[in-house]
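To start, the structure under review is shown below, and the notes come after it.
Just so it is clear, none of the values below were taken in a lab; they were calculated from the coordinates. Predicted, not measured: the structure shown is a model, and the values here were computed from it. Quick reminder, even Gly has a Cβ in these numbers, built from the backbone with ideal geometry, and neighbours come from all protein chains shown.
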Amino acid sequence: MIASILASGLAVGAVYALIGITYNTMFATSRVMSFTAGQLGMLGGVLGSMFILKLGLPLVVGLVLTLVVCALIGVLTEIVAVRPVLKSLDQHLYVLTTLAVALLIQQFTAIQWGTEPQPFPRLLEAGSGLLDEKYWLPVVTCAVTIIGLEYLYRRTLVGHAFIAIAEDNFAARALGLPERNLRIASYALAGVIGGLAGFSGGQLLLAFFANGPLLNFYGFIPVALGGLGNNRGAVIGGVALGLFQQAANFYAGGIFASVAVFSLFIIVLLAAPQGLFGATASRRV
Amino acid sequence: MTITRRDLALGTAAICLAAPALAQTAEPIRFGWLAAMTGPSSAPAVGFDRGVRFAAEAINAAGGVRGRRLEVLTRDTQGDPTKAVNATQEMISQLRVHAIWGPTNSGESLATTAIMARANMPNIHPCVVDSLIDARRYPNAFRIAPSNTQWDDAVRNYCLQRVNARKVAIIGDTTGYGVSAVNACVASFQREGAEVAYKANIDATQPDMTPDMLRARTAGAEAIVIWSVSTGMIARMLNTRASMGWDVPFVGHPALSSGEIGTLVERPANWEKVYAIGYRSCAYNDAGQLPERMAGLVSRMRGKVNLADTLLWWVSCGVDAVELVAKAVEATNSTAKEAIIAHWNTLAPYRGYYGDFTFTATEHNGYPVADIVMVRANTARDGAFNLAPGYT
């Protein structure tokens, strides 16, 4: 039982963590919580299934096409739902606009793809039982993603520019950084990460239009637990959430597992409103 | 010959008097069809519609009913109760239909039943929610498919009498339907003295079904009863059963036999020992044959109606709906609402294709429970299935 909790908990937790990172990546350059993050995850599964199973494309081609489309959806989100409301962030209009785009994506997928879950292909034909690829693939993807992001942010000029925008938008612009282009790039990057989440977790979650809201909710929890904008916090929060959720499934049962997850979430936020790994924001008065 | 003013006046009067009678004989029978033809729950209505069109064309090709054409007036409700209500009101007050077939899902029917009752509109539908049929409150409404209770009875009887399972696990999803169906099923098994070893409502999007399957096995379940339309959840449970090396039979909701499950199970063998609710009229016997009457209908539909991507019971039920209205008009020589309803109340039994329906003034659940059988879920062929083990 413990092995089963670990295998499925880590796998689902890694998917949640990747969605959390998707939220963070979009937030970093725009200060917007875009609720399209879960839909990008859903699209990763649906597009992967469509390209590889339905159209019969090779795995690599299918993966690249999936990530390209998800990146384009990310850019579209920035143009349609984020850019128009950036000037009035304090009114939180982005909640409405990003939710509207998320609903559009979900309904369009339901109409075009169908409302029944559809199979996702075996990718590597590796492993069986609890060592099946469907359990370890999301974990490996999450690890590679976080290493790649760390490299990007710490070792590349573009990454430094991302951090500069995230730290102080106005100062970065004053230094001549192309804020708009960097924001578009970060949304494309978020699209790729969201797509990777759905693609790597496709064998667990299937290619299903209703995965979007599920990933939106459960992907948001690691962000809140780990601290907004903190990718390492999101990974730890996501993995902890996945393990706790699976343990609750085993020990409490389906309906009560969700109750347990959200109860813990509320308790943690009451104890540490800034998230477990987030810093308290200071304000000059 | 000269025409006097008196002749002209008499002739005009005669034409005026005769006109309504002439128009009456030419007036078509307006058959209202509330169909969720698009949207997430459209598959049944698409199947029903094929039967409706086939039956209406056959009747009209044979000269209609007492010389009157049967006109099918369809409104797409999209599975939305609000649209179903609007379409119902349009059919009653503007299209002035003589009878309504549908809606085809219970959510819509719950919204439209009272409206049709107020208009005393003859209504037949295939929706399963028990409360939709009440001959006292809704004397105009007749069901030509099983109710939830009848489904539940059939599943319980199969588990207890043919699988000989005395300890069962009853599992549904977390939708309103799943919760209510599981509760009703638990109560009925317990009334029969069987032990419900495990009961659960599972979130249909839960990626790993191992916890619930392990609990069911630990509790000693000898059969797993499923009440859910979620094919993803069912397929995950079947895959988990296989990975556990457990061969417990699955019995329950018709969704167990959905074609999507065949694409979602990891191996075709994972779909063995799965028995879904089916109907004797639409089930192949050991010789691979349908009942004679249904075989005749299928033979007539060959080349005209596609049965490969739908269920035979949906199509044949659509045929029965049209013929029930047509034969009521033929028997009573009237399209008056009261006449149609009064005629249906005397059908004992009416020999349909999908089933032999029996209606009285106090019982409008017309489908015979003995005709609800279990079928092997993975044996679909032209919309029909092989009988499950234990039937002849």
Sequence order, the stretch B:147-152: Karplus ³J(HN,Hα) from phi using 6.51 cos²θ - 1.76 cosθ + 1.60, θ = phi - 60°, Hz rounded, Gly and Pro as x, gives 8, 3, 4, 5, 4, 4
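Looking only at the protein assembly as shown, where both bridge partners belong to it, what percent of the DSSP beta bridges are antiparallel (to the nearest 5)? Walk me through the numbers on the way to the answer.
Values: 11 of 47 bridges.
Bridges in the protein assembly as shown that DSSP calls antiparallel: roughly 25 percent.
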For an R0 of 22 angstrom, estimate the FRET efficiency from the Cβ-Cβ distance between A:L175 and A:A143 and round to the nearest 0.05. 0.05
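For the stretch B:338-392, just run the numbers: alpha carbon Rg, then divide by 2.2 N^0.38 Å, N being how many residues it has.
Working: Rg = 15.1 Å, N = 55, 2.2 N^0.38 = 10.1 Å.
Its radius of gyration relative to the 2.2 N^0.38 Å reference: 1.50.
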Return the lysines within reach of A:K54: Cα separation strictly under 26 angstrom, same-chain partners fewer than 8 residues apart disregarded; answer none if there are no such residues. A:K134
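Any number yet on Rg/Rh for the stretch A:135-251, C-alpha, Kirkwood? Please report the intermediate quantities before stating the final value.
On the way: Rg = 16.3 Å, Rh = 15.9 Å.
So for the stretch A:135-251, dividing Rg by the Kirkwood Rh gives 1.03.
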P(r) of the stretch A:2-271 in 10 Å steps, Cα pairs, percent per bin? 8, 31, 36, 20, 5, 0
Partner aspartates and glutamates for B:K304 [C-alpha distance under 15 Å; skip if fewer than 8 residues away on the same chain]: B:D49, B:E57, B:D382
Could you tell me the largest-minus-smallest coordinate of the C-alpha atoms of the stretch B:57-181 on each of the three principal axes, in descending order and whole angstroms? 57, 35, 29
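Once the mean 1/r over all distinct Cα pairs of the stretch A:183-247 is inverted, what Kirkwood radius in angstroms do you read off? Please list the in-between numbers first.
Working: mean 1/r = 0.0785 Å⁻¹.
It works out to 12.7 Å.
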Where in the stretch B:77-151 are there trypsin sites (Lys or Arg not before Pro) that are in a DSSP coil and have at most 15 other Cβ atoms within 10 angstrom of their Cβ? B:R96, B:R136, B:R137
Name the long-range amide H neighbours of B:G278: under 5 Å, sequence gap of 5 or more, or other chain; modelled H, no Pro or chain starts. B:V373, B:M374, B:V375
For A:I236, B:I29, order by how many other beta-carbon atoms lie within 10 Å, fewest first: A:I236, B:I29
Dipole magnitude (debye, nearest 20) for the protein assembly as shown, charges at Cβ of Lys, Arg, Asp, Glu: 780
Cut-off 13 Å, label 7 Å out along Cα→Cβ of B:N164, residues of the stretch B:348-392 by amide N: B:390
Could you state the principal axis extents of the C-alpha atoms in the protein assembly as shown, from the largest down, to the nearest angstrom? 108, 74, 47
If you average the alpha carbon positions of the stretch A:1-65 and of the stretch B:226-243, how far apart do those two centres end up, in angstrom? 23
Computed over the stretch B:326-365, the relative contact order (Cα-Cα under 8 Å, seq sep at least six) in percent reads 27
What whole-number value in cubic angstrom gives the convex hull volume per residue for the C-alpha atoms of the stretch B:232-387? 138
Fraction of beta bridges assigned by DSSP in chain B that are antiparallel (%, nearest 5): 20
To the nearest 0.05, what FRET efficiency results for A:Y151 and B:T175 with a Förster distance of 51 Å applied to their C-beta separation? 0.70
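Taking Cα pairs under 8 Å and at least six residues apart, what relative contact order does the stretch A:2-271 come out at, in percent?
Numbers: 452 pairs, mean separation 111.8, N = 270.
Across the stretch A:2-271, relative contact order equals 41 percent.
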Can you list the residues of the stretch B:347-361 with backbone N under 20 Å from a point 7 Å past the Cα of B:E338, pointing along Cα to Cβ? B:347, B:360-361
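Over all directions, average the projected area of the Cα convex hull of the stretch A:82-205 and note it in nm². Before the final figure, lay out each step's value.
On the way: hull surface 41.5 nm².
Average of the hull's projected areas for the stretch A:82-205 equals 10.4 nm².
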Check: C-alpha center the stretch A:167-218 vs C-alpha center the stretch B:92-122, spacing in Å is 48
Sites A:V68 and B:T149, calculated FRET efficiency, Cβ-Cβ separation with R0 45 Å, nearest 0.05: 0.30
Binned at 10 Å starting from 0, the alpha-carbon pair-distance distribution of chain B in whole percents comes out as 5, 22, 30, 22, 12, 5, 2, 1, 1, 0, 0
Would you kindly state how much longer the chain becomes between B:E57 and B:T82 on full extension, computed as 0.36 nm times their sequence separation minus their alpha carbon distance, in nm to one decimal? 6.0 nm
Kindly provide the helix-only [θ] at 222 nm of chain B, computed as the sum of -39,500 (n - 2.57) over DSSP H runs of four or more divided by all residues, to the nearest 500 deg cm²/dmol? -12500 deg cm²/dmol
